[in-house]
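Worksheet for the structure shown next.
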Amino acid sequence: MPTPLVQSVMRALGVLDLLTSPNASSEGIVLSELARQSGLQPNTLHNLLRSLVAAGYAEAAGGGRYREGPKCRQLGLRNRSGPWAALAKPLLDDLVAQTGEGVVFYLLAGVERVLLFHRECPHPVRVIEPIEPRRHFFSLATSRVLAAWSPPHMRRTLVERWGLPGEAYDGIRSVEALDAALDALRATGWARCLSHGGHVVNLAVPVLGKDDRLIGALGCYLPLSRCTPDAEPSILAASRRMAIALAGVLEMAGA
């Protein structure tokens, strides 16, 4: 005799299927529409959604709407990151050749950064690792770009996971100050910060799809001694051009 299915689990998975459907709006689906599509009673559906939100597989989008949560996005991103890396590699290798500096490309999967590409520079003097271990999320330029181009609810989720940056980002100790800094960064279109005890310059630009939808953050890192007044604008210009090309390739692949 087959083992009976757990109906509550089957109902929850059915709701997840609706939230993660290719036809689901990024703004979420209203509760009444979810009830219609799932065939569940609103009270039952609401209880399932509360559990899915608590577990990170769904999130409230405001106005009575729900959408897939950060854990769903993280799982999906991990499945797609391999093919995307293969598509991105020729372009990012070209950026290393143009700038002569190390390059990284990060995606945001839920509240974690996913490194899609990393290439060191060809110089004898180089930064071996672009990221220092155990650093705060907001301490590097690529992370700040990812946060700046994320919607407000995702910024809040990042703060819940990582906390306010404090000394890791200009002494910021309030949500309001963080939003102001990220909004200012977004207005300039790029981020810059120092790492490794002030000896390494990190530059980053967003990779944006249609309607300025965030795909990822493209970064260059180099020793402070090589970041001359002429070198920095040149690296940023090359990075912006490559970000546009990269967005086109990845969008065609479903990013």
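The values are calculated or read from the model by the stated rules, or taken from the named source; none is laboratory data. All figures in this text were calculated on a predicted structure; none of them were measured in a lab. As a convention, Cβ positions derive from the backbone with ideal geometry for all residues, glycine included, and neighbour counts pool all protein chains shown.
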Would you tally the residues in region 75-95 being surrounded by fewer than 17 Cβ atoms within 10 Å (Cβ to Cβ) and modelled with pLDDT of 90 or more? 3
Which numbered condition in (1) modelled with pLDDT of 85 or more; (2) out of contact with any strand residue (DSSP E or B) (no Cβ under 9 Å at 6 or more places or on another chain) is the only one that Pro122 fails? (1)
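Every residue, every condition in (1) basic (Lys, Arg); (2) in the same structural domain as Ala141 (by TED's automatic domain parsing); (3) surrounded by fewer than 12 Cβ atoms within 10 Å (Cβ to Cβ); (4) at pLDDT below 95, yes or no:
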site: Glu167; (1), (2), (3), (4): no, yes, yes, yes
site: Gly171; (1), (2), (3), (4): no, yes, yes, no
site: Ser174; (1), (2), (3), (4): no, yes, yes, no
site: Ala177; (1), (2), (3), (4): no, yes, no, no
site: Leu203; (1), (2), (3), (4): no, yes, no, no
site: Pro206; (1), (2), (3), (4): no, yes, no, no
Residues of region 212-255 being on the phi < 0 side of the Ramachandran plot, charged (D, E, K, R) and in a helix (DSSP H, G or I), which ones? Arg226, Glu232, Arg240, Arg241, Glu251
Scan the helices (runs of 4 or more DSSP H) fully inside region 98-211 and keep the ones with 1 or more residues being farther than 23 Å from Cys72 by Cα and of a type outside the set (Ser, Thr, Tyr). 141-148, 175-188
Hey, could you check region 26-58 for residues that are charged (D, E, K, R) and over 24 Å from Arg161 (Cβ atoms) and say which is surrounded by the most Cβ atoms within 10 Å (Cβ to Cβ)? Glu33
Collect the residues in region 161-188 that are over 26 Å from Lys71 (Cα atoms) and touching a strand residue (DSSP E or B) at 6+ places or on another chain (Cβ under 7 Å), keeping them in residue-number order. Gly166, Ile172, Arg173, Ala181, Leu185
Give the residue that is farthest from the chain's Cα centre (by Cα), with candidates limited to residues of region 208-253 that are at pLDDT 95 or above and among the basic types (Lys, Arg). Arg241
Considering Arg226, Arg156, Arg192, Arg144, which residue is farther than 20 Å from Ser239 by Cα and among the basic types (Lys, Arg)? Arg156
Out of (1) surrounded by 13 or more Cβ atoms within 10 Å (Cβ to Cβ); (2) assigned to a loop (DSSP other than H, G, I, E, B), the odd one out for Arg67 is which? (2)
